[in-house]
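Undergrad: Below is a structure I'd like to ask you about.
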Amino acid sequence: SAVISQKPSRDICQRGTSLTIQCQVDSQVTMMFWYRQQPGQSLTLIATANQGSEATYESGFVIDKFPISRPNLTFSTLTVSNMSPEDSSIYLCSVRDRGAHYEQYFGPGTRLTVT
Amino acid sequence: GDSVTQMEGPVTLSEEAFLTINCTYTATGYPSLFWYVQYPGEGLQLLLKATKADDKGSNKGFEATYRKETTSFHLEKGSVQVSDSAVYFCALSEEYGNKLVFGAGTILRVKS
């Protein structure tokens, strides 16, 4: 399975600022995903990021708040914009390997606290 | 839409006890089913999967069988260890879809 790293691993940010989270994969993958895990909760898909096309956002998530870039087949970024305390969560990227039967592999996550 | 329902936790067991975590799903078509595990302070790891009815996924002593007739995918282990303490998530992937739908997660605590 692919090895996925994320930066930063954690951060504490001020209300109203923005944070960009990086996701790096050790092999080329077609599909990358960004999830949010609010404290004590399950995972919710934010968007799907395919290289060479606009990200596809799930209901309740918008590009102005969570802009995503996917410049190549091994890298993606998620920006959390104009942050509020409600954005305090773990943000995880995942990938679906080529040929994998729909399973996804996850990065270690970025733990964000907004004060 | 598709959904996954897991038994509520936390589940607290003594070491070497038998574990069952119930998972049922609602989906159109024929989804693939997964169990993921999240150890404290870590990301999610794929524990096991099943892609069609009656498939049994297994890994590290854990097992789950895809039961289409009862729309279930219950996780079992015969003898748990303290190191199994984690949060367990049941998930499905829609047939022909890209999205993973997760259950709420079940906290497992194993006491020595």
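Undergrad: What do you reckon, how do B:Tyr88, A:Tyr105 stack up by accessible area (1.4 Å probe), largest on top?
TA: Values: B:Tyr88 0, A:Tyr105 45 Å².
Descending accessible area places them as A:Tyr105, B:Tyr88.
Undergrad: Give me the summed buried accessible area for the A-B pair, 1.4 Å probe, to the nearest 100 Å².
TA: So the buried area, both faces added, is about 1600 Å².
Undergrad: Counting other Cβ atoms within 10 Å, which chymotrypsin sites (Phe, Trp or Tyr not before Pro) in the range B:1-80 have at most 15 and lie in a DSSP loop?
TA: Passing sites in the range B:1-80 are B:Phe18.
Undergrad: Determine which lysines satisfy two conditions relative to B:Lys52: a Cα distance under 30 Å, and not lying fewer than 8 residues away in the same chain.
TA: In chain and number order, the partners are B:Lys60, B:Lys68, B:Lys77, B:Lys99.
Undergrad: Write out the cysteines belonging to the protein assembly as shown for which the nearest other cysteine Cβ is not under 4.7 Å, or none if no such cysteine exists.
TA: When partners are defined as cysteine Cβ atoms under 4.7 Å apart, the protein assembly as shown leaves A:Cys13 without one.
Undergrad: Can you classify chain B as rounded, prolate or oblate using the Cα gyration tensor, where a ≥ b ≥ c are the square roots of its eigenvalues, rounded means a/c under 1.5, and otherwise it's prolate if a/b beats b/c and oblate if not?
TA: Judged from the Cα gyration tensor, chain B comes out prolate (a/c at least 1.5, a/b above b/c).
Undergrad: Given the options B:Asn98, A:Thr20, B:Gly78, identify the residue whose Cα lies farthest towards the positive end of the charge dipole of the protein assembly as shown (+1 on Cβ of Lys, Arg; -1 on Cβ of Asp, Glu).
TA: So the residue we want is A:Thr20.
Undergrad: Placing unit charges on C-beta atoms (Lys and Arg positive, Asp and Glu negative, everything else neutral), compute the dipole magnitude of chain A about its Cα centre in debye, rounded to 20.
TA: In total the dipole reaches around 160 debye.
Undergrad: How much length is gained on full extension from A:Ile63 to A:Thr30, taking 0.36 nm per residue of separation minus their Cα-Cα distance?
TA: Using 0.36 nm per residue and subtracting the Cα-Cα distance, I get 9.8 nm.
Undergrad: In nm, give the distance between the simple-model label positions of B:Glu8 and B:Lys52, each being 7 Å from the Cα along the Cα-to-Cβ direction.
TA: In this crude label model, B:Glu8 to B:Lys52 measures out at 3.8 nm.
Undergrad: Could I ask something else about it? Where the accessible area of the range A:30-99 is counted over protein heavy atoms with a 1.4 Å probe, how much of it, in %, is carbon and sulfur?
TA: 47
Undergrad: What dipole magnitude, in Debye to the nearest 20, does the protein assembly as shown give about its Cα centre under +1 on Lys/Arg Cβ and -1 on Asp/Glu Cβ?
TA: Rounded to the nearest 20 debye, it is 320 debye.
Undergrad: Which of these, A:Thr56, A:Thr77, A:Thr17, has the largest mean-square fluctuation under a Gaussian network model of chain A (Cα springs below 10 Å)?
TA: A:Thr17
Undergrad: A further question follows. Would you mind checking which residues have amide H under 5 Å from A:Val114's amide H? H placed 1.01 Å from N; only 5 or more apart, or other chain.
TA: A:Cys13, A:Ser88
The values are calculated or read from the model by the stated rules, or taken from the named source; none is laboratory data. Just so it is clear, the structure is predicted and the values come from calculations on it, not from any experiment. Don't worry about glycine lacking a Cβ; one is built from the backbone with ideal geometry, like all the others, and counts go over all protein chains shown. For accessibility, only protein heavy atoms count, side chains too; no ligands or nucleic acids. Shrake-Rupley method; radii C 1.70, N 1.55, O 1.52, S 1.80 Å.
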